[in-house]
Amino acid sequence: MRGLWLNLALIFVGSVFAVMLVATVVTYFVINIGDADRITGFMARHMVMTSDFLLEGDPPPGSPQPRKLRFGGDKPPFEPEKIVTELPAGRERPELTIALQKALAREGELRMVKVIDTGPGESVAALALGDGRRLLFAFPNPPGPPPQLWFGLLAWLTLVAVGVTGVAMVLARRVAQPFAMLERAVASVGPDGTLPHVPEAGGREARRMASALNALSERLKAAMESRMRLVAAAGHDLRTPMTRMRLRAEFLPDDDRTSWLADLDELDAIADSAIRLVKEEGAGEDHVPVALGDLARDVARELGEAGLPVTAAEMAGATVLAGPLALRRALRNLMTNAATHGSGGTVRLETAEEARLVIEDSGPGIPEDMIGQVFEPFFRANPGRAQEIKGAGLGLAIAREIIERFGGSIEISNRPEGGLRQVVRLRLATPPAA
């Protein structure tokens, strides 16, 4: 969530800086255009006054005509301006020429004029006299912004940047607060699928998010409890008719009675497994240190004594945090699955960064397109074998529910040489020595 907060802050800062940059460029051009207008206006008045002083007579309005110098010779009695027959060498400044021509028109002077850049920092304005000669005037280049302006602009930009960055950080944190709260709530979802209570504090958005999360948590809890009550009630209600059917089966012939009692036993096992699955989802057994190798060895021995072939191989020393009874039930389900469906299984324990309990068998395995369904309740890889091997198809679902509650995982895959491999991963109670 820190990445979202920083991205929002960068978006705010970038947007403000973009606006500031555009505003600065526009201001710069406006300042330069204003200076050019002021210079051409002043220059036009100067040129009109000087030409009126140096030349005799008044030209007809609207049509410039040649005018003689008021003083004899080609040069005026002073040297600020001079009269030439050819334009000086240089580059014409069309933007200043147009601006100066308009300024002269506003002063009533209709003679043509040109502004020529004769060198670095030097320009002249050539006013046509009407007889091929031109009266030259020194034209000052528009002054650039003073150095103090740039220092002031830099200080202003720095101050604005610091202020905008601080404000953007605060606003970004405030905007991202509900998302951070949502991320923490999702990360703290309990094994039963419910959300913990979120304190309704902070800004308005944070309070509204916390309120919505708490309402969602209450609905989830109500749904989970309703499902548990429904399954428990269904299992309890099924026992009554099954008990009556069991009593009636006692009066059947021996062959029929045996098949009826076997079916009733299977129904009873299914009801018990469904109730046990719901109880496991809502259980909250404390996490205590458990010697995983000793527990797996005990379960394998119990199953062997019950006629289910499970062999305990190498068992590394590993201690995990889990509920002993629930973890024993999960391992029993996995080993029973290997013994019944895989014609016997072997179990071994490996440790590295985590505890890794591997259960393998030599059975037919599971079709690859059905591997992703093995943890679904009542799943059977071969429904036709349901009559041969008793079970409700809930053992793997219960085992995964227990293992994930203790922060672990179960992976099931087919072995290349045939059979199924079940891998249980659990975090170690103490990290391995370096």
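The values are calculated or read from the model by the stated rules, or taken from the named source; none is laboratory data. Everything numeric here is computed off the predicted structure, so don't read it as measured data. Cβ atoms come from the backbone with ideal geometry, glycine included; neighbour counts cover every protein chain shown. The accessibility values were calculated without ligands, DNA or RNA, using every heavy atom of the protein model including side chains. Shrake-Rupley method; radii C 1.70, N 1.55, O 1.52, S 1.80 Å.
Calculated FRET efficiency, Arg208 to Asp272, Cβ-Cβ distance, R0 = 41 Å: about 0.35 to the nearest 0.05. Computed from the C-beta positions of Ala262 and Leu238 and an R0 of 25 Å, the FRET efficiency is 0.90 to the nearest 0.05. Placing dummy labels 7 Å off each Cα toward the beta-carbon, the span from Leu321 to Glu107 is 9.1 nm. In this view, the solvent-accessible surface of Thr346, computed with a 1.4 Å probe and all protein chains in place, comes to about 60 Å².
The residues neighbouring Gly419, those whose beta-carbon lies less than 10 Å from its own, together hold a net charge of -1 under the Lys/Arg +1, Asp/Glu -1 convention.
When nucleic acids and ligands are ignored and a 1.4 Å probe is applied, Asp237 ends up with an accessible area of around 100 Å². Only protein heavy atoms count here; on that basis, with a 1.4 Å probe, Ser343 has an accessible area of about 100 Å².
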